[in-house]
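Below is one structure, written out as structure tokens; the observations come after it.
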Amino acid sequence: MKDYSLINIHLKSYIENWGNLKQVGIIRSKKDFTSQIGEWLVAEMFDGVIAENHNQIDWDIRTSDGRQIQVKCHAKEKENNNRFTYIKKNPTERVDELIIVVFTEDYKLKEFYQAPWEEAQALIKITGVTKKKEEISWNDLKRFKIPIDKLPKLNLVALFL
């Protein structure tokens, strides 16, 4: 079993320092960190590798058994009640699964969705009045929601509880 104690120390330090930098106005967005930490988490959970190129088309993670996973991640502020992910409808992408990782604002694992790509694609809706956007509602994915205590590698998951 892998020892995640050193990683745990560094994650807690980063999150604390991120908050300090936000208070003084240096950092405004969690998006980049959120994507990177979520992809790392999924890669570790499923013994995968992260795509080398950040602009990789199609998949973000390739698992040891060959599955290709598109990962979408969110760190939700307490006041943010949105329950959707922007995602392009593209049935020709070479992806097997969609995983959506939802963290709280302090990076506690809140929700985890794992859906077959074809079924996820069928749930994507076009929204917006002036600017059309493609999104998938987490409410539409409820049958694909994995309880946190049922995720693989609970010693890893524990870093985010």
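Rule-based calculations on the coordinates, nothing more; no lab input. For clarity, every value in this text was computed on a predicted model and none was experimentally measured. So basically every Cβ, Gly included, is an ideal-geometry build from the backbone, and we count neighbours across all protein chains shown.
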Here is a list: LYS2, LYS22, LYS78, LYS12. Which entry is under 20 Å from SER137 (Cα atoms), of a type in the set (D, E, K, R) and surrounded by fewer than 15 Cβ atoms within 10 Å (Cβ to Cβ)?
LYS78
Scanning the range 143-156 residue by residue, those more than 16 Å from the chain's Cα centre (by Cα) and over 18 Å from CYS73 (Cβ atoms) turn out to be ARG143, ASP149, LYS150, LEU154, ASN155
Residues located in the range 33-90, provided they are part of a loop (DSSP other than H, G, I, E, B), among the hydrophobic types (A, V, I, L, M, F, W, C), out of contact with any Ser or Thr (no Cβ under 9 Å at 6 or more places or on another chain) and within 25 Å of LYS153 (Cβ to Cβ):
ALA51, TRP59
When every residue in the range 63-75 that is free of Cβ contacts under 8 Å to residues at least 24 places away in the same chain and either closer than 17 Å to VAL101 by Cβ or among the hydroxyl-bearing types (Ser, Thr, Tyr) (or both) is compared, the one surrounded by the fewest Cβ atoms within 10 Å (Cβ to Cβ) is SER64
